[in-house]
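Worksheet: one structure, shown below.
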Amino acid sequence: MKRPFMCFCILLMVISILRFYVIDYGSPPGEMPQDAVTLQGRLDSREVKSGYTILYLSDIFFYDNSVKEISNYNSIGLRCYIEETEDLKLGQQVAVQGFLALPQEAGNQGEFDEASYYSRMGYKYVLYEGKILAKSREYDILLQLLYDFKCYAKMQINTYLEQTDAGIMSAMLLGDKTN
């Protein structure tokens, strides 16, 4: 009885390792376009930082012909850095214009490998100096409700705890490591 379960666990581990290390997530093109590109994608998440906002977009559709080889992928995502802090809702379709780049790879052994980390999360590209051109009215109500609850909980934690304790509690309870 114990051996079949052990074999099943080993099989699951092997599948997980193969999925993580062996499966090719799509190789990026050789050169990035030098001009600004226009694209549309679904807003999965966002991080509001001091002075800028990071949007995590998926199901990208490019409007420019200069990125044909990128748009051949089935489902790609990207991180978009914008200066505005518009009221965007999760699940909205957002049209953005900016400069497309690949994430930075680790320069030294043991250093954080931004390209590998975000590629495994599904965000293979970065869009800098993004400007929002349009956004849809429809959005994912459940995702937005959960995001609003997380923001409310973070605000309450910051109100009632000291700054260092609030940062630790936000990280533990909400997964928010900004403080």
Fill in the blank from the handout: The condition from (1) of a type in the set (Ser, Thr, Tyr); (2) modelled with pLDDT of 85 or more; (3) surrounded by 14 or more Cβ atoms within 10 Å (Cβ to Cβ) that residue 152 misses is numbered (3)
Completion exercise
residue 81: passes all of (1) more than 12 Å from the chain's Cα centre (by Cα); (2) part of a strand (DSSP E or B) but (1)
Practice task
State yes or no: is residue 170 surrounded by 17 or more Cβ atoms within 10 Å (Cβ to Cβ), within 23 Å of residue 89 (Cβ to Cβ) and at pLDDT below 90?
Solution key: yes
Fill in the blank from the handout: Within segment 124-143, residues in a strand (DSSP E or B), open to solvent by less than 100 Å² (accessible area, probe 1.4 Å), of a type outside the set (Gly, Ala, Ser) and touching an Asp or Glu at 6+ places or on another chain (Cβ under 9 Å) come out as 126, 132, 135
Practice task
Evaluate segment 102-111: report whether one residue or more is crowded, with 18+ Cβ neighbours inside 10 Å and assigned to a helix (DSSP H, G or I).
Solution key: no
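The values are calculated or read from the model by the stated rules, or taken from the named source; none is laboratory data. All values derive from a computational prediction rather than experimental measurement. Quick reminder, even Gly has a Cβ in these numbers, built from the backbone with ideal geometry, and neighbours come from all protein chains shown. To get the accessible areas, we keep the full protein, side chains included, count just its heavy atoms, and leave off ligands, DNA and RNA. Shrake-Rupley method; radii C 1.70, N 1.55, O 1.52, S 1.80 Å.
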